[in-house]
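Take a look at the structure set out below.
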Amino acid sequence: MSKHFIRRWLAGIGVAGAIIVASATAAAANPVPVGVRGAEGFDLYANSVTVTRSGSEKLVTLRALVGQPLTEYTVTVDRSAVERFAEVRKPEGNDYGSCTEDDAILTCKVAGARRPDLLTLPVVPLAGAKAGQQGQLRFTVSTSDSGTGDFRSTITVGEGVDLVSEPGLGLSGRPGDTVKAPLSVGNQSEQTASGLVLLVYGNYGLTPSKRYENCEYGNTGPNRYMPNLFACSFDRSLAPGEAARVDAGFGFTVPSDAWAPDLQNGFAAWLTPADWQEVRHEFDLGGKGGDGVLKLEPTSMPQNLSSHGTQTDVDPSNNETWVRLTVEGDQQADVVANGATVTGEVGETVPVTVGFTNNGPAAVGVAGTESFPTMALVTLPEDTTVVETPEFCADYDEVFGHGDNRGNPDFACSLPGPLGKGKTAAFPFSLRIDKAGPQQGSVRLYHGGSDEGYNEDLNPANDEAKILINPNAGDGQGGGQGDDGPSLPITGSSTSLIIGIGGLLLVAGAGGFLAARRRRTRFVV
């Protein structure tokens, strides 16, 4: 079943320098339009779609905007307002429980689910549908313990256009260079395309060189390995057979601390204004720029394989461009494991902060083909109890699915974004000391990125540090690595950690993890 290209992006794209964008957690990660709060306090949201007879099906996804996913619920969908011009089909397979239909009413009962997406419905226009027809789907969600909620999304029949772009754009530059990016779009349909939106996101190396007045920029990207995100709107129309490209001032600046040599990836896509509104809520976009207006100039039609009311793209598969930036030069990084040394009495809870420092000169946490994200694998001292776990740290066995394997570390801690030279990622644990005498744990660094699943930094000898509790006299400071240097705040959620670690697994491969002895650690309930 073909899906809109944004859906494919949000589901994750396997490329060199791989990324994870988990649509299942987008509601928690990105701001969305305000939903409707149910009787016991849960919000709902469902996207609106525009369909056309010559286009592919669209998907309407209903979400519960909650901290913990609903596990048992009933969704009732009233399709009566759209049945004159669109068919809203029940979900395929058993992903959304048991669904029954009674004329225009669809009812799905779900048990045992653990995802924020409550229901996804395919929508296709009927043969007699006419541009301009519009109606609403009404969703009602009921639960036994969280009350009920209602939400409505809009289905519109639009005029079909077909935007096209080059499938790939190759760029190259050294750290600190600004490289031009002549992104282009053409209209190969028989209707004039009224208005255009350019959506771009990319790796660390694809930092926009200018910030334009007609572009919105993200405070963060769709995930930690794709931190650059922006969308530009154009009033320009494209007649049938006409093409345009961004003006000569548009490009990217390779950060001066970029890893080199390396290959960084990004994506650009052209959308109609209506299609952009369907997916706008998936992206965290903030303020506009002040470097003038980005304009479009005439050009020849891109070479691809493939009335002005509300318009939708009939073939979204041919209007996206894969941007590949080759970073030239010779610049890597040395990442140092930071252990900890603490003292305390039996029964006392003590702070134990571990992590790593980037000695540079290149940034880490970038995820190109040679650059790498770094993970701290933490084995805590034996006979301690974890009282508080840092954000962006999760139980190693739960994340990687190894069960209670005593040979694994206790925790895996991941970066929330790129880490520059001189910056420290600090993960603060709180441990209760349960036994007198010296105890020892460790911090080992794992660097993902190569096809073999493991990369080495400039000095692998400092990739392990000790965690010492009540050490014997003279048994120092964990290799001399403490918490010196500026610290990068570690904030977020265990969900976003798991997404980040999933991205690291795609970057690194499933194997190659350093073995570390798992200590007997008990958790306070």
Exactly one condition in (1) at pLDDT below 90; (2) in a strand (DSSP E or B); (3) not aromatic (F, W, Y) is false for G93; which is it?
(2)
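Yes/no per residue for (1) modelled with pLDDT under 90; (2) closer than 26 Å to G202 by Cα; (3) touching a Leu at 6+ places or on another chain (Cβ under 6 Å):
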{"residue": "S414", "(1), (2), (3)": "yes, yes, yes"}
{"residue": "K421", "(1), (2), (3)": "no, yes, no"}
{"residue": "T424", "(1), (2), (3)": "no, yes, no"}
{"residue": "F429", "(1), (2), (3)": "no, no, no"}
{"residue": "G449", "(1), (2), (3)": "yes, yes, no"}
{"residue": "E456", "(1), (2), (3)": "yes, yes, no"}
{"residue": "A465", "(1), (2), (3)": "no, no, no"}
{"residue": "D475", "(1), (2), (3)": "yes, no, no"}
How about region 339-379: which of its residues are polar (S, T, N, Q), farther than 23 Å from L206 by Cα and open to solvent by less than 10 Å² (accessible area, probe 1.4 Å)?
T379
Test W270 against the stated conditions and say whether it is under 27 Å from the mean Cα position of the chain (by Cα) and open to solvent by 10 Å² or more (accessible area, probe 1.4 Å).
no
If we keep only residues of region 161-181 that are in a strand (DSSP E or B) and open to solvent by less than 10 Å² (accessible area, probe 1.4 Å), then the residue farthest from A86 (Cα to Cα) is G173
Could you please give the count of residues in region 335-361 that are under 17 Å from G441 (Cα atoms), assigned to a strand (DSSP E or B) and hydroxyl-bearing (S, T, Y)?
3
Go through region 276-293 and report how many residues are within 14 Å of the chain's Cα centre (by Cα) and in a helix (DSSP H, G or I).
2
If we ask which residues in region 215-234 are open to solvent by 30 Å² or more (accessible area, probe 1.4 Å) and touching a strand residue (DSSP E or B) at 6+ places or on another chain (Cβ under 6 Å), their number turns out to be 3
Residues being of a type in the set (D, E) and closer than 30 Å to G55 by Cα - total across region 186-226:
2
Residue by residue through region 45-82, note down the ones that are modelled with pLDDT of 90 or more, of a type in the set (A, V, I, L, M) and farther than 12 Å from I155 by Cα.
L62, V75, V77
Flag for T25 being open to solvent by less than 50 Å² (accessible area, probe 1.4 Å) and at pLDDT 85 or above
no
Here the residues within region 108-127 that are at pLDDT 85 or above, surrounded by fewer than 16 Cβ atoms within 10 Å (Cβ to Cβ) and of a type outside the set (A, V, I, L, M) are K109
Out of the residues in region 275-301 that are open to solvent by 80 Å² or more (accessible area, probe 1.4 Å) and not charged (D, E, K, R), state the one that is nearest to G218 (Cα to Cα).
Q277
Residues in region 380-389 that are open to solvent by 10 Å² or more (accessible area, probe 1.4 Å) and part of a loop (DSSP other than H, G, I, E, B): how many?
3
Tell me, which strands (runs of 3 or more DSSP E) lie completely within region 182-269 with 2 or more residues that are aromatic (F, W, Y) and over 24 Å from A333 (Cβ atoms)?
228-238
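The values are calculated or read from the model by the stated rules, or taken from the named source; none is laboratory data. Fair warning: this is a prediction, and the values are worked out from it, not measured in the lab. Backbone-built Cβ (ideal geometry, glycine too); neighbour counts: all protein chains shown. We work out accessible area using only protein heavy atoms, side chains counted, and drop any ligands, DNA or RNA first. Shrake-Rupley method; radii C 1.70, N 1.55, O 1.52, S 1.80 Å.
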